[in-house]
Amino acid sequence: MRNFVSNCFKYLGLFLLICLGSLLFNSLLLNNYGYKVEKDQNVLILGDSHTEYALDDTVFKNSVNLSHSADSYFYSYLKIRKMKKENPQIDTLLLALSNHNLLLEYEERWIFNTAHIKSKFRIYTDLMDLSDFMFLFKSNPSAVIQGIIESPKYSIKLLFNGELIERDLGKFHPSQRNSLLKDIEHFKNNKYHRSLEYSNVEMKYLFNIVNFCKENDIELIFISTPVHPEYNKFREKEFETLKKFYNSELSDFKYLDFSEFDMPDKGFQDMDHLNAEGAELFTRHVIKEMKFK
């Protein structure tokens, strides 16, 4: 029995060494691949699925879109910090700011949720400093440990898909999905209204981004992407709360509020996300609006 227990601890220790070695290997590999983008790409786009599906950086050629579904401002902060260091030409940040981004309930879904930490930890380890790591570890130590255990699998993925856009940091996704009518019907039958309480954690990292942009001469531009008129009606109070917050806390920065943009139904994949056709139309409008080349 004693030998069995001893062997178990030996194998466990060996497994942990392999996982920690994979973390180190991943970090070295990511640094070797680098985070460089083209020299003419001076606009960084960050946010969640709204900007992920709405801003096409193959059309907006001097931009790079690293938006990712369910990204919180914590992860956006890690990305702008790293991308600016590696790409000093970045002088503009288009950052998603929509009705849901600061809501308290998304703090649990997008930051502290075990599945999210587990999947994102292995991706963002290389972007974290000690304080970032401790923030996640103290919030959900079990999820961080699970993320470390996942690191050997990520090592294999990196070896085969090392390009920046293939690392799960985020990218533009052209969608062909068409669920608008179904989504409208769902909303009409859904009487649930989210609490309008804002997350202190999300606000903290939002202002970390604000301060970083100030300190590094980056023009920070907030952007809300088009949503369907029925969505605007259903989430009206959330948009009103957001506008009040912007006017009181962020009014020094430009805010491109396209939530009421006149987008034809054929441009939506659902009530609050654009499809590929809508993304191209919207992206060209943003380029024109901002006089980007």
Whole angstrom only: what separates the Cα centroid of the stretch 251-284 from the Cα centroid of the stretch 87-142? 25 Å
Ranking request for peptides 278-284, 182-188: highest mean number of other beta-carbon atoms within 10 Å first, then the rest in descending order. 278-284, 182-188
If the cut-off is a Cα-Cα distance under 16 Å, which aspartates and glutamates reach residue 39, setting aside same-chain residues fewer than 8 apart in sequence? 57, 86, 91
Candidate lysines - alpha carbon under 21 Å from residue 182, same-chain residues fewer than 8 apart omitted: 191, 233, 266
For residue 291 and residue 145, compute 0.36 nm times the residue count separating them, minus their Cα-Cα distance, and round to one decimal in nm. 47.9 nm
Accessible surface of the stretch 173-293 [probe 1.4 Å, protein heavy atoms]: carbon and sulfur percent: 48 percent
Based on the alpha-carbon gyration tensor of the stretch 181-270 and its eigenvalue square roots a ≥ b ≥ c, which shape applies: rounded if a/c is under 1.5, prolate if not and a/b is larger than b/c, or oblate? prolate
With every protein chain kept in place and a 1.4 Å probe, the stretch 178-220 has an accessible area per residue in Å² of 65 Å²
Residue pairs, from the table 61/204; 188/237; 84/120; 79/118; 61/82, whose Cα atoms sit over 23 Å apart: 61/204
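The values are calculated or read from the model by the stated rules, or taken from the named source; none is laboratory data. These numbers were taken from a predicted model, which means no experiment stands behind them. As a convention, Cβ positions derive from the backbone with ideal geometry for all residues, glycine included, and neighbour counts pool all protein chains shown. For the accessible areas, the whole protein counts, side chains as well, though only heavy atoms, and no ligand, DNA or RNA atoms are used. Shrake-Rupley method; radii C 1.70, N 1.55, O 1.52, S 1.80 Å.
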